[in-house]
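Notes follow the structure.
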Amino acid sequence: MIKVKKTRISRVSQGDILRNVDHIEYLSEKQGNIELSKIVFPLVIVLTQDCDLAQDYKFRWSRYVSKTEDKLLLSVLVAPIYNVEHVYTGEQLTELGMRMEQISRKKTPGRCLRNNETPRFHYLEFESGAPIVPSVIDFKHYFSVNVVYLKKLKATNFVCQISELYREDVSQRFSSFLGRIGLPN
């Protein structure tokens, strides 16, 4: 069971879970017309290291004076969190017209998913009283979000934060997923 903190601090923190986060797919301009395509993810988790987020906050929003802006972040890495039932059926992205592979919950693939043995996914089952059903982080769908936008959004869209021990586990698994070596077919 994942332990969560429900108290909100003003800065964005590693392990924060936020709802309704915009991901800008693209922005284009043709003959003076601007087209913006965005995806609104119902839930995301902040993956960026907390020390970087703390330094950004200190230098961006405090009265601390620095000669450079090298501690500021341009963006924050997040990954979507999907309801595990939707992942089993491959329906987590049907609203985008995408069908994912089904994962049998009773056979080995589902067991591997729940035991966090599938590198792409991280299974989350929250303690009772947490406002989230059993869910899955999909590391393949990570994206970046502007840090100022995320801080403003946190004021109204904060759900909870996973505790330090669990966020470090997520961080290690995410870095392992990104560090994997792809072999040719």
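The values are calculated or read from the model by the stated rules, or taken from the named source; none is laboratory data. What you see is a predicted model, and the numbers here were worked out from it, not measured in a lab. Reconstructed Cβ throughout: ideal geometry from the backbone, glycine too, with neighbour counts over all protein chains shown.
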**Candidates LEU96, LEU113, LEU153, filtered to the one that is closer than 19 Å to GLY15 by Cβ and either touching a residue at least 40 places away in the same chain (Cβ under 8 Å) or of a type outside the set (Lys, Arg) (or both)** = LEU153
**Request:** Could you check ILE81 against (1) crowded, with 20+ Cβ neighbours inside 10 Å; (2) part of a loop (DSSP other than H, G, I, E, B) and say which number it fails?
**Result:** (2)
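Residues are listed down the side, and each one gets a yes or a no for (1) surrounded by 15 or more Cβ atoms within 10 Å (Cβ to Cβ); (2) out of contact with any Cys (no Cβ under 7 Å at 6 or more places or on another chain); (3) in a strand (DSSP E or B); (4) among the hydroxyl-bearing types (Ser, Thr, Tyr):
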| site | (1), (2), (3), (4) |
| --- | --- |
| VAL133 | no, yes, no, no |
| VAL136 | yes, yes, yes, no |
| VAL145 | yes, yes, yes, no |
| LYS151 | yes, yes, no, no |
| THR156 | no, yes, no, yes |
| GLN161 | yes, yes, yes, no |
| ARG167 | yes, yes, no, no |
| GLN172 | no, yes, no, no |
**Fill in**
Considering residues that are in contact with a Phe, Trp or Tyr (Cβ under 7 Å, 6 or more places away or on another chain) and either modelled with pLDDT of 95 or more or not polar (S, T, N, Q) (or both), the number found within region 132-148 is 5
**Message:** On the basis of being basic (Lys, Arg), under 25 Å from CYS160 (Cβ atoms) and touching a helix residue (DSSP H, G or I) at 6+ places or on another chain (Cβ under 6 Å), does ARG11 make the cut?
**Reply:** yes
**Request:** Name the one entry in THR108, THR89, THR94, THR118 that is closer than 17 Å to VAL40 by Cα and polar (S, T, N, Q).
**Result:** THR94
**Item:** Hey, VAL84 within 30 Å of VAL136 (Cβ to Cβ) and touching a Pro at 6+ places or on another chain (Cβ under 7 Å) or not
**Value:** yes
**Asked** Considering LEU43, LEU27, LEU74, which residue is modelled with pLDDT of 95 or more and within 18 Å of VAL145 (Cα to Cα)?
**Response** LEU43
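Residues checked against (1) among the charged types (D, E, K, R); (2) surrounded by 20 or more Cβ atoms within 10 Å (Cβ to Cβ); (3) under 15 Å from the mean Cα position of the chain (by Cα); (4) part of a strand (DSSP E or B):
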position: ILE9; (1), (2), (3), (4): no, no, no, no
position: ILE34; (1), (2), (3), (4): no, no, no, yes
position: VAL40; (1), (2), (3), (4): no, no, yes, yes
position: ASP52; (1), (2), (3), (4): yes, no, no, no
position: ARG60; (1), (2), (3), (4): yes, no, no, no
**Message:** Checking the structure you have, find out if any residue of region 90-104 is assigned to a helix (DSSP H, G or I), surrounded by 17 or more Cβ atoms within 10 Å (Cβ to Cβ) and out of contact with any Lys or Arg (no Cβ under 6 Å at 6 or more places or on another chain).
**Reply:** no
